[in-house]
Structure formats: C-alpha cells, structure tokens
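Here is the structure we will look at.
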Amino acid sequence: MIYETPNLVQVTVKINGEIQQIIVPPSKTLLASLREDLFLTGSKPGCFNGDCGACTVIIDELPMKSCLMLAAEVEGKEITTIEGLSDSPVQRAFIENFAFQCGYCTPGFIMNIQAMLNSVKNPSPDTIKEWLESNICRCTSYEEIEQAVQEVIDKYPSKY
C-alpha cells in the first residue's frame, strides 16, 4: 500500500488480468469496491453475510464471497470476476442447460463452479453438489445447474 490515511487506503490488485489501483475507506467491502469503484457489476449483492454466494469471485484460485472481504485485504492478490470469464465453457453450459431463471445468482454459481473445475480434476457428482452448497438459488432447480457442470466436464475431459 502506497497511499494510506486514517480514512483511505490505496490497494493494488490484479483484476481479470489487469493491475488496478483503488483508493478506498478501510471499511469498504470488496463487493462494494468492485461495483462502485471499478464498475464490475457482475458480482451481486445479496445477503451481505456470506450465505447466498451471489457475490462470489475467485481470489488467488479460491472462491471467496466478496461481501465478507474488505477491499484493503486484497492487496497484491489476483482476482477474477464474472467479467473475466467472458464466453467460458461454464457460462455456455449454463445457457445451453437453462441453468438459471432470473439470473441474479448465476454469476456466483459460475465463479464457484469455475474455481471447483480449476482445482478438482474430474469431480464426482457428490463433489459437485458439495461445491454448489455455498450458493443459493430461489428460482430454479439445482438439477439444471448440476447438468451444466457435468456437461462441461464431459465436453472437456482433458481440461477438467
């Protein structure tokens, strides 16, 4: 951190492959900073206490709920948001399998599933269900979401 006062902190972070510097109050969440300072609005505010997963991003390869993190905590880290996964196999599979209805929770699901696929080779159906437990959807069936994940695994067996 280069710039620091009692009221503001400068944070340097790599987001979706680009180095960004943001100046934020120490109490500002990562979710608020992504949306308000960087205009990356794909991560959605939902419960604000880490239960729903709508705000999930990938930080240093791990899925994290951005409503639970302070922007100041990501100094020097690498973050991927849904905007950084444009046209990913997971997004295409969600569309092809109608794995959403209103779509509000979809970015969080996609980020969490992408993190799982990056870290777990050929996940079992039980592993997929376990990873999906950290996201909540009130509109659609989890069956379509599970089908979308399985489709990605089946289409790209050497990658996932």
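Put simply, of Gln114, Gln101 the only residue that is of a type outside the set (Phe, Trp, Tyr), at pLDDT 95 or above and assigned by TED's automatic domain parsing to the domain that holds Val149 is Gln114.
Quick grid of which residues meet (1) closer than 23 Å to Ile113 by Cα; (2) in a loop (DSSP other than H, G, I, E, B); (3) among the basic types (Lys, Arg):
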{"residue": "Lys14", "(1), (2), (3)": "yes, no, yes"}
{"residue": "Ile19", "(1), (2), (3)": "no, no, no"}
{"residue": "Ile23", "(1), (2), (3)": "no, no, no"}
{"residue": "Ala32", "(1), (2), (3)": "yes, no, no"}
{"residue": "Ser43", "(1), (2), (3)": "yes, yes, no"}
{"residue": "Phe48", "(1), (2), (3)": "yes, yes, no"}
{"residue": "Ala54", "(1), (2), (3)": "yes, yes, no"}
{"residue": "Ile58", "(1), (2), (3)": "yes, no, no"}
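Of all residues in region 102-117, exactly one satisfies the criterion of being out of contact with any helix residue (DSSP H, G or I) (no Cβ under 6 Å at 6 or more places or on another chain) and under 12 Å from Val152 (Cβ atoms), namely Leu117. Applying the condition of being small (Gly, Ala, Ser) and not in a helix (DSSP H, G or I) to region 133-160 and asking which residue is farthest from Pro123 (Cα to Cα) yields Ser141.
Screening Met64 on (1) in a strand (DSSP E or B); (2) more than 21 Å from Glu133 (Cβ to Cβ) shows it passes everything except condition (2).
Scanning region 118-132 for residues being in contact with a helix residue (DSSP H, G or I) (Cβ under 8 Å, 6 or more places away or on another chain), part of a helix (DSSP H, G or I) and without any contact (Cβ under 8 Å) to a residue 12 or more places away in the chain gives a total of 1. Of the candidates Glu146, Glu61, Glu151, Glu130, the single residue that is closer than 24 Å to Val11 by Cα, at pLDDT 90 or above, surrounded by fewer than 20 Cβ atoms within 10 Å (Cβ to Cβ) and among the acidic types (Asp, Glu) is Glu61.
The values are calculated or read from the model by the stated rules, or taken from the named source; none is laboratory data. Predicted model, so just to flag it, every value in this text is computed and none were measured. Quick reminder, even Gly has a Cβ in these numbers, built from the backbone with ideal geometry, and neighbours come from all protein chains shown.
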